[in-house]
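Okay, structure first, notes after.
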Amino acid sequence: MLISSYLLMVLSVVVICVIYYFIFIMGAVSFYEFAYMLSHNMAAGGAITVAWDTIKPCLWLAAVLFIILFLLNKYVFKGLKSKLVFSIILLILSLLTLLKVVKIDEYILSALSKTKVYEEYYVDTNNVNIEMPEDKRNLIVIYLESMEASLFSKENGGAFEKSIIPELEEIALNNTSFSNTDKLGGAHTLTKTTFTISSFVASTSGTPINIKLFKGYNSKRPFMRSVRTLGNVLKDNGYNLEIMQGSEIEFSATDLYIKENEDFKVFDINTAKNKGLIDKNYFVWWGIEDKKVLEFSKDEILELSKQNEPFAFVLFTMDTHFKDGYLDETCDKPFKEHLANSYACSSKMINEYLNWLKEQDFYENTTIVLMGDHQVMQDSFYKDHKEYDRVNYNAIINSVASGNTKNREFSQFDMYPTILASMGASIEGNRLGFGANLYSEEKTMLEILGKDKFDKEILKKSEYYDKNILTEN
């Protein structure tokens, strides 16, 4: 009984440390992310590293708490039974506090509520006529991990006196970049687009990801098979498709999504090992650091460019993932904060990568989309900039479309039709799913309903979604 008491105390201390981390480091946390993590393969990649980085800052607190609880258990609660009761109550209170911090009340309330937002506003992607130009353009989409417009200089709409990402800021200034203000800005992160796979799905399908506790995607519950996504559209038009990332493709069920979205050739950490590009035991940060991923991608893109068909290449960066980001030994350190230096180095690497692309024969006929996937999950980095309305970075290079790019309220959902339009596609009605073509005058869902209302509606249970989108075998 005494051992059980101390084990329960240890669990309580761990939970209290997690609460501390969420409140003082991460900031706003949604139970939806946890529901998805508990239902899918989230233990791969650098999740273990991130978990350890989460625990480390709390070790001092854990030590102090455990000593206090140990003394209480030894000198205040005399009997074994009272010690066990104390430990149980402590664990229960800790867990209830954690659930409150991650807003489980919001999750439960939404699960019990119904919405008609799909019936009223969702445009079935299968019923929209999309015409690609006769001279089809190649497409390169680079998802920049946790890349925000807040990292710009104040002069151009950011939160910092000096730009953290000067190269990416310059790219946004000199190319198409949609903004929520009259300066540089970007897309709002919604509750269902707060992590990479949810952002990836939203920006390539115009459709929210399904998030149900302990009920994830699998062979019996396929990943949006009924939705016509960006991959489907491009494959139907003769494109060769490839997706590349430094972690395992199975992480977060990314493999299940792309399996339902035509024949993406996959390049992940296991591909690199099988090709002999890295050692069998190689593992840095989340798998392969961005410097190597970008270098490996050059050969992949060159190979795609030699084919007779147009190509679409999707790439994910990871160095700027929380906590504090990864910093390659070749990176400069112009800032005090480790994460700021990671962002600065990523900006420089992406700029050098784009300079390489400019030297290639296929460059002029290739549209390049740079997109922050979501906000950084580390609010402590913005402790001095809490008033700033944080939005995701975006820039589109070699776009053949034009339109108003300023003062647009939009989200990742709008990137799906916008990406197609940037390649010269004609989209009937300029709407796909919940997304609106930002080059057009069509209003986005955020402009129609407002950010908060739309965010709340897509969290609710939808009969339309369950019947028409979440098709189960």
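The values are calculated or read from the model by the stated rules, or taken from the named source; none is laboratory data. If you're wondering where the values come from, they're calculated on a predicted model, not measured in any experiment. As a convention, Cβ positions derive from the backbone with ideal geometry for all residues, glycine included, and neighbour counts pool all protein chains shown. Heavy atoms of the whole protein, side chains included, go into the accessibility calculation; ligands, DNA and RNA do not. Shrake-Rupley method; radii C 1.70, N 1.55, O 1.52, S 1.80 Å.
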Sorted by chain and number, the residues with a modelled amide H under 5 Å from that of residue 314, at a separation of 5 or more or across chains, are 141, 242, 243, 244
Taking every DSSP bridge whose two residues both lie in the chain, the antiparallel percent to the nearest 5 is 35 percent
Once all protein chains are kept in place, residue 321 shows an accessible area at probe 1.4 Å, nearest 10 Å², of 20 Å²
Semi-axes (Å, rounded, descending) of the ellipsoid equivalent to segment 417-473 per its C-alpha gyration tensor are 24, 17, 8
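Multiply the residue separation of residue 364 and residue 263 by 0.36 nm, subtract the distance between their alpha-carbon atoms, and state the gained length in nm to one decimal.
Extra length from residue 364 to residue 263 when fully extended: 33.8 nm.
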Binned at 5 Å from zero, the C-alpha pair distances of segment 98-248 give percents of 2, 6, 12, 14, 17, 16, 14, 11, 6, 1, 0, 0
Averaged per residue, the 1.4 Å probe accessible area of segment 193-336, protein heavy atoms only, in Å², is roughly 40 Å²
Charge tally for neighbours of residue 387 with beta carbon under 15 Å away, counting Lys, Arg as +1 and Asp, Glu as -1, is -1
Note: segment 347-473 at 4 °C, 1.567 mPa s; Kirkwood Rh on alpha carbon pairs; Stokes-Einstein D in µm²/s works out to 75 µm²/s
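Please give the FRET efficiency for residue 329 paired with residue 441, using the beta carbon to beta carbon distance and R0 = 45 Å, rounded to the nearest 0.05.
Efficiency at R0 = 45 Å is approximately 0.40.
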A chain fully extended from residue 119 to residue 467 at 0.36 nm per residue, minus the present Cα-Cα distance, gains in nm 124.1 nm
The answer for the longest stretch of the chain without any exposed GluC sites (Glu not before Pro) (DSSP loop, at most 13 further Cβ atoms within 10 Å) is 162-328
Rounded to the nearest 500, the 222 nm mean residue ellipticity computed for the chain from DSSP H runs (n ≥ 4, each -39500 (n - 2.57)) alone is -12000 deg cm²/dmol
Cα-Cα longer than 25 Å, checked against 292/348; 280/306; 386/453; 103/336; 103/383, kept in input order, equals 280/306; 103/336
The chain: relative contact order from alpha carbon pairs under 8 Å, six or more residues apart, as a whole percent, is 27 percent
Taking Cα pairs closer than 8 Å and at least 6 residues apart, the relative contact order of segment 212-270 in percent is 42 percent
Pairs over 22 Å Cα to Cα, from 235/467; 192/212; 100/192, come to 235/467
FRET efficiency (residue 355, residue 63; Cβ distance; R0 56 Å; to 0.05) is 0.70
Here, chymotrypsin sites (Phe, Trp or Tyr not before Pro) of segment 199-261 satisfying both criteria (DSSP loop; at most 10 other Cβ within 10 Å) are 214
About its Cα centre, the chain carries a charge dipole, from +1 on Lys and Arg Cβ atoms and -1 on Asp and Glu Cβ atoms, whose size in debye to the nearest 20 is 2420 debye
Measuring from the longest principal axis of the C-alpha atoms of the chain, the long axis of helix 290-305 (C-alpha) lies at a number of degrees, nearest 10, equal to 30 degrees
Options (i) 50; (ii) 35; (iii) 38 are given for percent of Cα pairs over 33 Å apart, and the computed one is (iii)
